[in-house]
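Encoded as structure tokens, the structure appears first; notes follow it.
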Amino acid sequence: GRHAQGGGREDTESLVGLSLSIPLMVRNNSNAEVKASSLDVLQQEQILIDIHRRASARFDGSLERFRLIHAAWQKWKDEDAALLTQQMDLLQDIWEAGEISASEFLLQAGQNVDAQETATELVGDMWLAWIDWLDASGQVNDWIKNTDLHKI
């Protein structure tokens, strides 16, 4: 800052005078800066809305996929698994009675194995869908902490 000194005498006393000037920092908030700041805030809000929309869509999609696969697995377990076992038992009985050839037995048994393999893939898909849903909902770590993975 600047300062000035002055001095003098009055009657029998000496006088000294000081004057200070301190510059004030004044920020120039022009319209352009305000508009740029507002635009930045709007862009940040739009990014957050987009992130939320994507996260919500991923959550909903993963949950729906899990529900559909789980329903298919439940149906197979409740209906098709027992039917497949019955078919295999019947096939075994027919073959042992000599009513079908060994090649016919192997062909039909192979079809049963294929059906069981498809069911096993369905279980794998169900677990993947479950893990995807846990990830989308942010619950993977909690689930791992609260689950005895050796029993799965």
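Derivation of every value follows stated rules applied to the coordinates shown; laboratory data play no part. Predicted model, so just to flag it, every value in this text is computed and none were measured. Glycine also receives a Cβ, built like all others from the backbone with ideal geometry; neighbour counts cover every protein chain displayed.
Taking the stretch 28-124 as the region of interest, what is the percent of Cα-Cα pairs per 10 angstrom bin, listed from the shortest bin to the one with the maximum distance?
Per 10 Å bin, starting at zero, the Cα-Cα P(r) for the stretch 28-124 comes out as 13, 22, 16, 12, 10, 9, 8, 5, 3, 1, 0 percent.
Tell me the net charge near A136. Cut-off is 15 Å between Cβ atoms, A136 excluded, with +1 for each Lys or Arg and -1 for each Asp or Glu.
In short, 0.
Given a Förster radius of 25 Å and the C-beta distance between R67 and Q139 as r, what FRET efficiency does 1/(1 + (r/R0)^6) yield to the nearest 0.05?
0.95
How do the peptides 105-111, 58-64 rank, highest first, by the average count of neighbouring beta carbon atoms within 10 Å per residue?
58-64, 105-111
Return, ordered by residue number, the residues of the stretch 111-137 whose backbone nitrogen is under 12 Å from a label point located 7 Å along Cα→Cβ of R58.
What the label zone holds, given the 12 Å backbone N cut-off, is 132-137.
Run the simple label-point estimate for I131 and F105 please: 7 Å along Cα→C-beta, distance reported in nm.
Inter-label distance under the simple model: 4.0 nm.
Let me know the shape class of the stretch 109-152, please: from the alpha-carbon gyration tensor, a ≥ b ≥ c as square roots of the eigenvalues, rounded when a/c is under 1.5, otherwise prolate if a/b is greater than b/c, or oblate.
oblate
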